[in-house]
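Asker: Okay, here's the structure, questions in a sec.
The values are calculated or read from the model by the stated rules, or taken from the named source; none is laboratory data. The shown structure was predicted, so the numbers you read here are calculated from the model rather than taken from an experiment. Here the Cβ positions follow ideal geometry from the backbone for every residue, glycine too, while neighbour counts run over all protein chains shown. Side chains are part of the model used for accessible areas, which takes the heavy atoms of the whole protein and leaves out ligands, DNA and RNA. Shrake-Rupley method; radii C 1.70, N 1.55, O 1.52, S 1.80 Å.
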Amino acid sequence: MSDRSPSPGLARRTLLQAAVGTPVAAAAVLGAQPVPAAEAAGGPADAESPRFTLAVVPDTQYLFDEGGSDPEPVRATFRHVIDRRREDGIVFLAHLGDVTEHGTTTEMRLADDVFRTIDGRMPYSVLGGNHDVSGDDQRGDTPYLRTFGPRRFARSATYQGSSPDGYNSFHIFHAAGRQWLLLALDWRVSDAGIAWTKGVLDAHRGLPTILTTHDLVYPEDGGGAHLSDHGQRLWDQVIRRHDQIFLAMGGHYWPTGRTTLTNDHGNPVDLHITNYQDRYYGGAGMLRYYAFDLVRGVIDVSTFSPWLQARRDPTALEAETHELTGDTDRFTVEVDFDRRFPPAPLPARPAAKVVIPGTVAYWRFDGEGLTGADGSRSRPAPWRGTCPATATTSRSPACTTDPPTCSPSPPTTTAPPPGTGACVSTAGRTRTAARCCGPARARRSPARGSRTATPSKRSSSCPTRSSATTRSWAS
(Lines give C-alpha, C1' and ligand atoms only; values in the text may rest on other atoms or scores of the structure.)
Protein backbone atom coordinates (compact mmCIF):
# COMPACT_ATOMS: atom_id res chain seq x y z
CA MET A 1 0.00 0.00 0.00
CA SER A 2 1.22 3.49 -0.80
CA ASP A 3 1.66 6.49 1.46
CA ARG A 4 -0.90 8.11 -0.85
CA SER A 5 -3.60 5.60 -0.01
CA PRO A 6 -6.55 6.26 2.32
CA SER A 7 -6.94 4.26 5.51
CA PRO A 8 -7.01 0.49 4.82
CA GLY A 9 -10.57 -0.13 5.99
CA LEU A 10 -11.98 2.91 4.25
CA ALA A 11 -10.14 2.18 1.03
CA ARG A 12 -11.36 -1.39 0.84
CA ARG A 13 -14.96 -0.60 1.71
CA THR A 14 -15.16 2.40 -0.59
CA LEU A 15 -13.66 0.64 -3.59
CA LEU A 16 -15.65 -2.56 -3.28
CA GLN A 17 -18.92 -0.95 -2.24
CA ALA A 18 -18.70 1.36 -5.24
CA ALA A 19 -19.80 -1.66 -7.25
CA VAL A 20 -22.24 -3.36 -4.90
CA GLY A 21 -24.02 -2.85 -1.62
CA THR A 22 -21.77 -5.18 0.36
CA PRO A 23 -18.49 -6.84 -0.62
CA VAL A 24 -19.65 -10.38 0.12
CA ALA A 25 -22.52 -9.99 -2.35
CA ALA A 26 -20.25 -8.81 -5.14
CA ALA A 27 -19.98 -12.04 -7.08
CA ALA A 28 -23.74 -12.51 -7.20
CA VAL A 29 -24.58 -8.92 -8.12
CA LEU A 30 -21.92 -8.53 -10.79
CA GLY A 31 -22.73 -11.91 -12.24
CA ALA A 32 -19.20 -13.34 -12.32
CA GLN A 33 -19.33 -16.47 -14.45
CA PRO A 34 -16.61 -18.92 -13.33
CA VAL A 35 -15.29 -21.18 -16.06
CA PRO A 36 -14.56 -24.73 -14.91
CA ALA A 37 -10.86 -25.52 -15.09
CA ALA A 38 -11.59 -28.40 -17.42
CA GLU A 39 -12.88 -25.95 -20.03
CA ALA A 40 -9.63 -24.04 -20.30
CA ALA A 41 -8.58 -24.36 -23.92
CA GLY A 42 -5.13 -22.82 -23.77
CA GLY A 43 -1.88 -24.70 -24.24
CA PRO A 44 1.82 -23.89 -23.89
CA ALA A 45 3.05 -20.95 -25.95
CA ASP A 46 5.50 -21.46 -28.81
CA ALA A 47 8.87 -21.17 -27.08
CA GLU A 48 10.68 -20.49 -30.37
CA SER A 49 8.47 -17.65 -31.61
CA PRO A 50 10.21 -14.23 -31.53
CA ARG A 51 7.07 -12.86 -29.86
CA PHE A 52 5.91 -13.78 -26.37
CA THR A 53 4.11 -12.26 -23.38
CA LEU A 54 4.97 -11.86 -19.72
CA ALA A 55 1.78 -11.43 -17.66
CA VAL A 56 1.95 -9.30 -14.50
CA VAL A 57 -0.58 -9.10 -11.65
CA PRO A 58 -0.06 -6.35 -9.03
CA ASP A 59 -1.48 -5.76 -5.53
CA THR A 60 -4.60 -7.86 -4.96
CA GLN A 61 -4.87 -7.13 -1.23
CA TYR A 62 -8.40 -5.67 -1.24
CA LEU A 63 -9.70 -8.82 -2.93
CA PHE A 64 -8.20 -11.16 -0.31
CA ASP A 65 -9.42 -9.54 2.91
CA GLU A 66 -11.14 -11.60 5.57
CA GLY A 67 -13.04 -8.45 6.55
CA GLY A 68 -15.01 -8.72 3.30
CA SER A 69 -13.25 -9.98 0.20
CA ASP A 70 -14.19 -11.11 -3.27
CA PRO A 71 -11.46 -13.11 -5.02
CA GLU A 72 -13.46 -13.70 -8.21
CA PRO A 73 -11.74 -10.92 -10.21
CA VAL A 74 -8.36 -12.56 -9.54
CA ARG A 75 -9.72 -16.00 -10.38
CA ALA A 76 -11.09 -14.61 -13.65
CA THR A 77 -7.68 -13.14 -14.46
CA PHE A 78 -5.97 -16.48 -13.89
CA ARG A 79 -8.51 -18.28 -16.06
CA HIS A 80 -7.97 -15.73 -18.80
CA VAL A 81 -4.21 -16.29 -18.70
CA ILE A 82 -4.67 -20.05 -18.98
CA ASP A 83 -7.25 -19.83 -21.74
CA ARG A 84 -5.19 -17.33 -23.76
CA ARG A 85 -1.82 -18.86 -23.04
CA ARG A 86 -1.13 -20.11 -26.55
CA GLU A 87 -2.99 -17.42 -28.49
CA ASP A 88 -1.32 -14.54 -26.63
CA GLY A 89 2.02 -16.31 -26.28
CA ILE A 90 2.01 -16.09 -22.47
CA VAL A 91 5.10 -17.82 -21.08
CA PHE A 92 5.10 -16.65 -17.44
CA LEU A 93 3.03 -14.79 -14.84
CA ALA A 94 4.53 -12.60 -12.09
CA HIS A 95 2.68 -11.31 -9.01
CA LEU A 96 4.18 -8.14 -7.49
CA GLY A 97 3.24 -8.63 -3.81
CA ASP A 98 0.52 -7.61 -1.36
CA VAL A 99 -1.42 -10.70 -2.24
CA THR A 100 -3.58 -10.20 0.87
CA GLU A 101 -4.67 -7.37 3.16
CA HIS A 102 -3.45 -8.65 6.53
CA GLY A 103 -1.34 -11.71 5.77
CA THR A 104 -3.41 -13.89 8.10
CA THR A 105 -3.76 -17.65 7.87
CA THR A 106 -7.40 -17.24 6.78
CA GLU A 107 -6.51 -14.83 3.96
CA MET A 108 -3.61 -16.97 2.82
CA ARG A 109 -5.89 -19.99 2.74
CA LEU A 110 -8.26 -18.07 0.46
CA ALA A 111 -5.38 -16.97 -1.77
CA ASP A 112 -4.06 -20.52 -1.85
CA ASP A 113 -7.39 -21.74 -3.22
CA VAL A 114 -7.45 -19.13 -6.00
CA PHE A 115 -3.80 -19.66 -7.01
CA ARG A 116 -4.55 -23.36 -7.41
CA THR A 117 -6.31 -22.23 -10.59
CA ILE A 118 -2.90 -21.86 -12.25
CA ASP A 119 -0.84 -24.40 -10.31
CA GLY A 120 0.65 -26.83 -12.81
CA ARG A 121 -0.92 -24.98 -15.73
CA MET A 122 1.09 -21.76 -15.92
CA PRO A 123 4.56 -21.05 -14.50
CA TYR A 124 4.43 -18.11 -12.09
CA SER A 125 6.17 -16.32 -9.24
CA VAL A 126 4.92 -14.59 -6.09
CA LEU A 127 6.73 -12.26 -3.70
CA GLY A 128 5.88 -10.83 -0.30
CA GLY A 129 4.49 -7.30 0.08
CA ASN A 130 4.18 -5.26 3.26
CA HIS A 131 0.59 -6.46 3.76
CA ASP A 132 1.69 -10.08 3.53
CA VAL A 133 4.74 -9.85 5.81
CA SER A 134 6.64 -7.41 8.02
CA GLY A 135 10.31 -6.68 8.55
CA ASP A 136 12.90 -7.94 6.09
CA ASP A 137 13.41 -11.37 4.56
CA GLN A 138 15.02 -12.71 7.76
CA ARG A 139 11.65 -12.61 9.56
CA GLY A 140 11.30 -16.37 9.88
CA ASP A 141 8.12 -18.39 9.50
CA THR A 142 4.86 -16.70 8.41
CA PRO A 143 1.53 -17.77 6.88
CA TYR A 144 2.82 -16.26 3.63
CA LEU A 145 5.93 -18.45 3.62
CA ARG A 146 3.88 -21.55 4.37
CA THR A 147 1.63 -20.69 1.43
CA PHE A 148 4.02 -19.27 -1.18
CA GLY A 149 7.38 -20.59 -0.05
CA PRO A 150 9.75 -22.92 -1.94
CA ARG A 151 7.55 -25.98 -1.43
CA ARG A 152 4.82 -24.49 -3.63
CA PHE A 153 7.13 -24.10 -6.62
CA ALA A 154 9.29 -27.19 -6.20
CA ARG A 155 7.65 -28.96 -9.15
CA SER A 156 7.53 -25.95 -11.45
CA ALA A 157 9.73 -26.33 -14.53
CA THR A 158 10.84 -22.69 -14.33
CA TYR A 159 11.64 -22.60 -10.61
CA GLN A 160 15.40 -22.65 -9.98
CA GLY A 161 15.63 -22.00 -6.26
CA SER A 162 15.13 -19.66 -3.31
CA SER A 163 17.32 -17.85 -0.83
CA PRO A 164 17.94 -19.77 2.43
CA ASP A 165 15.19 -17.77 4.17
CA GLY A 166 12.71 -18.78 1.45
CA TYR A 167 11.46 -15.26 0.66
CA ASN A 168 13.45 -14.57 -2.51
CA SER A 169 13.34 -16.82 -5.57
CA PHE A 170 14.35 -16.97 -9.19
CA HIS A 171 12.90 -18.58 -12.29
CA ILE A 172 14.30 -19.29 -15.76
CA PHE A 173 11.83 -19.60 -18.62
CA HIS A 174 12.37 -20.31 -22.30
CA ALA A 175 10.98 -17.92 -24.90
CA ALA A 176 12.01 -16.57 -28.32
CA GLY A 177 14.55 -19.34 -28.64
CA ARG A 178 16.53 -18.28 -25.56
CA GLN A 179 16.44 -18.36 -21.77
CA TRP A 180 15.25 -15.50 -19.55
CA LEU A 181 15.88 -15.01 -15.85
CA LEU A 182 13.21 -13.56 -13.54
CA LEU A 183 14.00 -12.53 -9.96
CA ALA A 184 11.17 -12.34 -7.40
CA LEU A 185 12.54 -10.37 -4.45
CA ASP A 186 10.96 -9.72 -1.07
CA TRP A 187 9.51 -6.35 -0.18
CA ARG A 188 12.53 -5.71 2.07
CA VAL A 189 15.66 -7.54 0.96
CA SER A 190 18.27 -7.96 3.71
CA ASP A 191 22.05 -7.88 3.24
CA ALA A 192 21.93 -11.67 3.10
CA GLY A 193 19.23 -11.44 0.43
CA ILE A 194 21.33 -8.96 -1.58
CA ALA A 195 24.32 -11.33 -1.44
CA TRP A 196 22.13 -14.21 -2.61
CA THR A 197 20.74 -12.11 -5.47
CA LYS A 198 24.22 -11.18 -6.65
CA GLY A 199 25.20 -14.82 -6.56
CA VAL A 200 22.27 -15.78 -8.78
CA LEU A 201 23.11 -13.05 -11.28
CA ASP A 202 26.81 -13.92 -11.34
CA ALA A 203 25.96 -17.57 -11.93
CA HIS A 204 23.75 -16.67 -14.90
CA ARG A 205 25.68 -13.91 -16.63
CA GLY A 206 24.38 -13.12 -20.07
CA LEU A 207 20.78 -14.17 -19.41
CA PRO A 208 18.36 -11.27 -20.03
CA THR A 209 16.95 -10.54 -16.56
CA ILE A 210 13.70 -9.07 -15.24
CA LEU A 211 13.66 -8.01 -11.59
CA THR A 212 10.36 -7.96 -9.71
CA THR A 213 9.81 -6.68 -6.18
CA HIS A 214 7.11 -4.83 -4.26
CA ASP A 215 8.70 -1.46 -3.48
CA LEU A 216 10.88 -0.02 -6.25
CA VAL A 217 9.90 3.38 -7.67
CA TYR A 218 7.62 6.17 -6.44
CA PRO A 219 5.23 8.03 -8.78
CA GLU A 220 5.64 11.60 -9.90
CA ASP A 221 3.08 13.96 -11.40
CA GLY A 222 2.77 13.51 -15.14
CA GLY A 223 3.44 9.76 -15.16
CA GLY A 224 7.10 9.86 -14.21
CA ALA A 225 8.72 8.01 -11.31
CA HIS A 226 11.83 8.04 -9.16
CA LEU A 227 13.50 5.45 -6.97
CA SER A 228 12.04 4.92 -3.52
CA ASP A 229 14.38 4.47 -0.56
CA HIS A 230 14.33 0.69 -0.91
CA GLY A 231 14.45 0.98 -4.69
CA GLN A 232 17.58 3.13 -4.39
CA ARG A 233 19.22 0.40 -2.33
CA LEU A 234 18.40 -2.22 -4.95
CA TRP A 235 19.60 0.09 -7.71
CA ASP A 236 22.92 0.87 -6.03
CA GLN A 237 23.76 -2.65 -4.90
CA VAL A 238 22.23 -4.83 -7.61
CA ILE A 239 20.55 -3.31 -10.66
CA ARG A 240 23.06 -0.73 -11.86
CA ARG A 241 25.98 -3.15 -11.50
CA HIS A 242 24.48 -6.04 -13.45
CA ASP A 243 24.04 -5.19 -17.09
CA GLN A 244 21.81 -8.18 -17.74
CA ILE A 245 18.92 -6.50 -15.86
CA PHE A 246 17.02 -4.52 -18.48
CA LEU A 247 13.58 -4.30 -16.82
CA ALA A 248 12.49 -3.91 -13.18
CA MET A 249 8.98 -3.49 -11.82
CA GLY A 250 7.16 -3.09 -8.54
CA GLY A 251 3.75 -2.26 -7.11
CA HIS A 252 2.99 -0.76 -3.66
CA TYR A 253 2.53 2.86 -4.80
CA TRP A 254 -0.05 4.50 -7.02
CA PRO A 255 -0.78 5.89 -9.52
CA THR A 256 1.27 4.05 -12.12
CA GLY A 257 4.48 5.59 -13.40
CA ARG A 258 7.71 4.75 -15.17
CA THR A 259 11.24 5.93 -15.68
CA THR A 260 14.41 4.89 -17.48
CA LEU A 261 17.84 5.00 -15.81
CA THR A 262 21.29 4.29 -17.20
CA ASN A 263 23.34 1.56 -15.54
CA ASP A 264 27.08 1.45 -14.95
CA HIS A 265 27.58 -0.13 -18.37
CA GLY A 266 25.89 2.70 -20.23
CA ASN A 267 22.73 0.76 -20.99
CA PRO A 268 19.12 1.73 -20.18
CA VAL A 269 17.05 0.02 -17.49
CA ASP A 270 13.28 0.56 -17.50
CA LEU A 271 11.61 0.76 -14.05
CA HIS A 272 7.82 0.64 -13.72
CA ILE A 273 5.10 0.99 -11.07
CA THR A 274 2.20 -1.39 -11.63
CA ASN A 275 -0.61 -1.07 -9.08
CA TYR A 276 -4.38 -0.59 -9.45
CA GLN A 277 -5.74 -1.14 -5.95
CA ASP A 278 -6.95 2.48 -5.92
CA ARG A 279 -9.06 1.88 -9.02
CA TYR A 280 -12.62 0.59 -9.35
CA TYR A 281 -13.35 -2.52 -7.30
CA GLY A 282 -9.89 -2.67 -5.74
CA GLY A 283 -8.26 -3.03 -9.13
CA ALA A 284 -10.78 -5.59 -10.41
CA GLY A 285 -8.00 -8.14 -10.94
CA MET A 286 -6.12 -5.90 -13.38
CA LEU A 287 -3.67 -7.70 -15.65
CA ARG A 288 -0.71 -6.13 -17.40
CA TYR A 289 0.76 -7.65 -20.57
CA TYR A 290 4.41 -7.16 -21.44
CA ALA A 291 4.34 -8.33 -25.06
CA PHE A 292 7.92 -8.88 -26.26
CA ASP A 293 8.61 -8.60 -29.99
CA LEU A 294 12.23 -9.39 -30.78
CA VAL A 295 11.67 -8.76 -34.50
CA ARG A 296 10.71 -5.13 -33.88
CA GLY A 297 12.95 -4.79 -30.83
CA VAL A 298 10.15 -3.60 -28.53
CA ILE A 299 7.99 -4.51 -25.55
CA ASP A 300 4.36 -3.45 -25.99
CA VAL A 301 2.64 -2.87 -22.63
CA SER A 302 -1.14 -3.01 -22.15
CA THR A 303 -3.42 -3.14 -19.08
CA PHE A 304 -6.95 -4.53 -18.70
CA SER A 305 -9.33 -6.43 -16.43
CA PRO A 306 -10.48 -9.78 -17.86
CA TRP A 307 -13.19 -9.85 -15.20
CA LEU A 308 -14.69 -6.53 -16.30
CA GLN A 309 -14.28 -7.34 -19.98
CA ALA A 310 -16.44 -10.42 -19.47
CA ARG A 311 -19.38 -8.33 -18.13
CA ARG A 312 -22.45 -8.90 -20.26
CA ASP A 313 -24.11 -5.59 -19.40
CA PRO A 314 -21.38 -3.32 -17.99
CA THR A 315 -22.12 -0.05 -16.26
CA ALA A 316 -20.57 3.13 -17.60
CA LEU A 317 -17.84 2.94 -14.96
CA GLU A 318 -17.08 -0.69 -15.76
CA ALA A 319 -16.91 0.06 -19.48
CA GLU A 320 -14.57 2.96 -18.78
CA THR A 321 -12.30 0.90 -16.52
CA HIS A 322 -12.06 -2.50 -18.23
CA GLU A 323 -9.06 -1.32 -20.29
CA LEU A 324 -6.62 1.43 -19.34
CA THR A 325 -5.06 3.43 -22.16
CA GLY A 326 -3.16 6.23 -20.41
CA ASP A 327 0.52 6.87 -21.09
CA THR A 328 1.58 4.85 -18.05
CA ASP A 329 -0.74 1.91 -18.73
CA ARG A 330 -0.35 1.45 -22.47
CA PHE A 331 3.04 2.20 -24.02
CA THR A 332 6.01 0.72 -25.87
CA VAL A 333 9.56 0.20 -24.64
CA GLU A 334 12.38 -0.13 -27.16
CA VAL A 335 15.05 -2.75 -26.42
CA ASP A 336 17.77 -3.81 -28.87
CA PHE A 337 17.90 -7.40 -27.70
CA ASP A 338 20.26 -8.62 -30.43
CA ARG A 339 22.86 -6.00 -29.55
CA ARG A 340 22.57 -6.23 -25.79
CA PHE A 341 21.99 -9.97 -25.57
CA PRO A 342 23.50 -11.58 -28.68
CA PRO A 343 22.44 -15.20 -29.13
CA ALA A 344 24.93 -17.60 -27.61
CA PRO A 345 26.98 -19.63 -30.14
CA LEU A 346 26.68 -23.38 -30.30
CA PRO A 347 28.73 -24.94 -27.50
CA ALA A 348 32.24 -26.02 -28.47
CA ARG A 349 33.15 -29.69 -28.40
CA PRO A 350 36.69 -31.14 -28.56
CA ALA A 351 37.47 -32.84 -31.87
CA ALA A 352 38.51 -36.01 -30.05
CA LYS A 353 34.86 -36.53 -29.13
CA VAL A 354 33.83 -36.95 -32.78
CA VAL A 355 36.95 -38.46 -34.32
CA ILE A 356 36.98 -41.89 -35.97
CA PRO A 357 40.62 -43.05 -36.46
CA GLY A 358 42.16 -40.94 -39.20
CA THR A 359 38.92 -39.06 -39.97
CA VAL A 360 36.71 -36.31 -38.57
CA ALA A 361 32.91 -36.39 -38.80
CA TYR A 362 30.98 -33.11 -38.97
CA TRP A 363 27.44 -32.58 -37.73
CA ARG A 364 25.17 -29.73 -36.70
CA PHE A 365 22.03 -30.98 -34.97
CA ASP A 366 19.12 -28.61 -34.16
CA GLY A 367 16.78 -30.92 -32.27
CA GLU A 368 14.66 -31.94 -35.25
CA GLY A 369 17.08 -32.87 -38.00
CA LEU A 370 20.35 -31.91 -39.67
CA THR A 371 20.89 -28.47 -41.13
CA GLY A 372 23.56 -27.67 -43.68
CA ALA A 373 25.63 -24.51 -43.86
CA ASP A 374 23.43 -23.33 -46.71
CA GLY A 375 20.30 -23.77 -44.61
CA SER A 376 19.23 -26.98 -46.35
CA ARG A 377 17.55 -29.71 -44.31
CA SER A 378 18.62 -33.31 -44.85
CA ARG A 379 19.67 -36.55 -43.23
CA PRO A 380 22.55 -37.91 -45.37
CA ALA A 381 25.80 -39.36 -44.08
CA PRO A 382 28.10 -36.87 -42.37
CA TRP A 383 31.15 -36.05 -44.47
CA ARG A 384 34.35 -37.53 -43.21
CA GLY A 385 37.80 -36.27 -44.10
CA THR A 386 41.29 -37.13 -42.99
CA CYS A 387 42.83 -34.46 -40.80
CA PRO A 388 45.59 -34.45 -38.20
CA ALA A 389 44.43 -36.11 -34.99
CA THR A 390 44.63 -32.79 -33.14
CA ALA A 391 42.76 -30.79 -35.79
CA THR A 392 39.36 -29.25 -35.20
CA THR A 393 36.85 -27.62 -37.50
CA SER A 394 36.51 -23.89 -37.92
CA ARG A 395 32.95 -23.99 -39.33
CA SER A 396 29.99 -26.32 -39.56
CA PRO A 397 28.96 -27.16 -43.17
CA ALA A 398 27.33 -30.41 -42.04
CA CYS A 399 25.52 -32.46 -44.64
CA THR A 400 26.73 -30.40 -47.59
CA THR A 401 29.28 -31.10 -50.29
CA ASP A 402 31.37 -28.13 -49.20
CA PRO A 403 34.06 -29.72 -47.01
CA PRO A 404 35.18 -28.13 -43.75
CA THR A 405 38.68 -26.85 -43.17
CA CYS A 406 40.95 -28.26 -40.50
CA SER A 407 42.35 -25.63 -38.15
CA PRO A 408 43.52 -25.34 -34.55
CA SER A 409 40.50 -23.28 -33.46
CA PRO A 410 37.80 -24.77 -31.18
CA PRO A 411 35.04 -26.63 -33.04
CA THR A 412 31.66 -25.02 -33.51
CA THR A 413 29.77 -28.24 -34.15
CA THR A 414 28.31 -30.96 -32.00
CA ALA A 415 27.36 -34.52 -32.84
CA PRO A 416 23.69 -35.46 -32.87
CA PRO A 417 22.51 -37.84 -30.18
CA PRO A 418 22.28 -41.54 -31.10
CA GLY A 419 19.27 -42.38 -33.21
CA THR A 420 19.30 -39.17 -35.24
CA GLY A 421 20.68 -38.49 -38.68
CA ALA A 422 21.79 -41.33 -40.97
CA CYS A 423 24.88 -42.93 -42.46
CA VAL A 424 25.34 -44.65 -45.80
CA SER A 425 27.12 -47.94 -46.36
CA THR A 426 29.29 -48.67 -49.39
CA ALA A 427 26.39 -50.71 -50.73
CA GLY A 428 24.30 -47.55 -50.83
CA ARG A 429 21.90 -48.66 -48.13
CA THR A 430 20.85 -46.05 -45.55
CA ARG A 431 20.85 -47.03 -41.90
CA THR A 432 19.88 -45.00 -38.86
CA ALA A 433 22.51 -43.44 -36.68
CA ALA A 434 21.46 -45.59 -33.73
CA ARG A 435 22.31 -48.67 -35.84
CA CYS A 436 25.54 -47.70 -37.54
CA CYS A 437 26.57 -44.27 -36.31
CA GLY A 438 26.76 -44.96 -32.61
CA PRO A 439 28.88 -42.85 -30.27
CA ALA A 440 32.61 -43.38 -30.38
CA ARG A 441 34.45 -44.90 -27.43
CA ALA A 442 38.11 -44.66 -26.50
CA ARG A 443 40.54 -47.57 -26.90
CA ARG A 444 44.21 -47.81 -25.99
CA SER A 445 46.53 -48.74 -28.83
CA PRO A 446 49.15 -51.24 -27.59
CA ALA A 447 51.53 -50.27 -30.38
CA ARG A 448 51.76 -46.57 -29.56
CA GLY A 449 50.31 -46.37 -26.05
CA SER A 450 47.94 -43.60 -27.08
CA ARG A 451 44.17 -43.44 -26.88
CA THR A 452 42.11 -43.35 -30.07
CA ALA A 453 38.39 -43.27 -30.62
CA THR A 454 36.67 -46.20 -32.31
CA PRO A 455 33.04 -46.82 -33.16
CA SER A 456 30.96 -48.58 -30.52
CA LYS A 457 30.07 -52.25 -30.98
CA ARG A 458 26.64 -51.42 -32.29
CA SER A 459 28.19 -49.35 -35.10
CA SER A 460 30.54 -52.10 -36.27
CA SER A 461 27.92 -53.48 -38.65
CA CYS A 462 28.06 -50.34 -40.76
CA PRO A 463 30.83 -50.49 -43.44
CA THR A 464 33.00 -47.41 -43.84
CA ARG A 465 33.13 -45.53 -47.10
CA SER A 466 35.53 -46.85 -49.68
CA SER A 467 38.63 -44.87 -50.55
CA ALA A 468 36.95 -43.85 -53.78
CA THR A 469 34.17 -42.04 -51.90
CA THR A 470 36.18 -40.59 -49.03
CA ARG A 471 37.63 -37.08 -49.39
CA SER A 472 40.76 -35.80 -47.72
CA TRP A 473 41.64 -32.27 -46.74
CA ALA A 474 44.89 -30.92 -45.41
CA SER A 475 45.09 -28.50 -42.54
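Asker: I want the local charge near Pro208. Using Cβ-Cβ distances under 9 Å, sum +1 for each Lys or Arg and -1 for each Asp or Glu among the other residues.
Answerer: Details: positive: Arg178, Arg340; negative: none.
My count for the surroundings of Pro208 gives +2.
Asker: Averaging sequence separations of C-alpha pairs under 8 Å and six or more residues apart, then dividing by the length of segment 115-194, give the relative contact order as a whole percent.
Answerer: Working: 97 pairs, mean separation 26.6, N = 80.
So the answer I get is 33 percent.
Asker: While we're looking at this one, here's another question. Roughly to the nearest percent, how much of the accessible area of segment 157-290 is carbon and sulfur, given a 1.4 Å probe?
Answerer: Values: 1810 of 4050 Å².
Of the solvent-accessible surface of segment 157-290, carbon and sulfur hold 45 percent.
Asker: Among DSSP bridges having both ends in segment 132-260, what percentage is antiparallel? Round to the nearest 5.
Answerer: On the way: 13 of 21 bridges.
Among the beta bridges of segment 132-260, antiparallel pairing accounts for roughly 60 percent.
Asker: Give me the accessible area per residue for segment 182-229, probe 1.4 Å, as a whole number in Å².
Answerer: Using a 1.4 Å probe on heavy atoms only, each residue of segment 182-229 averages 34 Å².
Asker: OK, next. What distance in nm separates the simple spin-label points at Ala157 and Ala319, each placed 7 Å from Cα in the Cβ direction?
Answerer: Taking the two extended label points, one gets 4.2 nm.
Asker: Further question: If you stretched the chain out fully between Ala192 and Asp229, how much longer would it get, using 0.36 nm times the residue separation minus the C-alpha to C-alpha distance? Mind showing how you got there, number by number?
Answerer: On the way: separation 37, 0.36 × 37 = 13.32 nm, distance 1.82 nm.
Taking 0.36 nm per residue and subtracting the Cα distance, the gain is 11.5 nm.
Asker: With a 10 Å radius around each residue's Cβ, average the other Cβ atoms per peptide and rank 98-106, 272-280, highest first.
Answerer: Values: 98-106: 21.7, 272-280: 24.7.
Averaged packing, sorted descending, gives the order 272-280, 98-106.
Asker: Subtracting the Cα-Cα distance from 0.36 nm times the residue separation, let me have the gained length for Gln138 to Leu261 in nm, one decimal.
Answerer: 41.3 nm
Asker: If packing is taken as the average count of other Cβ atoms within 10 Å, what order do 217-228, 69-80 fall into, highest mean first?
Answerer: On the way: 217-228: 17.0, 69-80: 24.8.
Packing order, densest peptide first, comes out as 69-80, 217-228.
Asker: What FRET efficiency would be calculated for the residue pair Arg296, Asp202, taking the C-beta separation as r and a Förster radius of 41 Å, to the nearest 0.05? Before the final figure, lay out each step's value.
Answerer: Values: r = 31 Å, r/R0 = 0.76.
Computed FRET efficiency for Arg296 and Asp202: 0.85.
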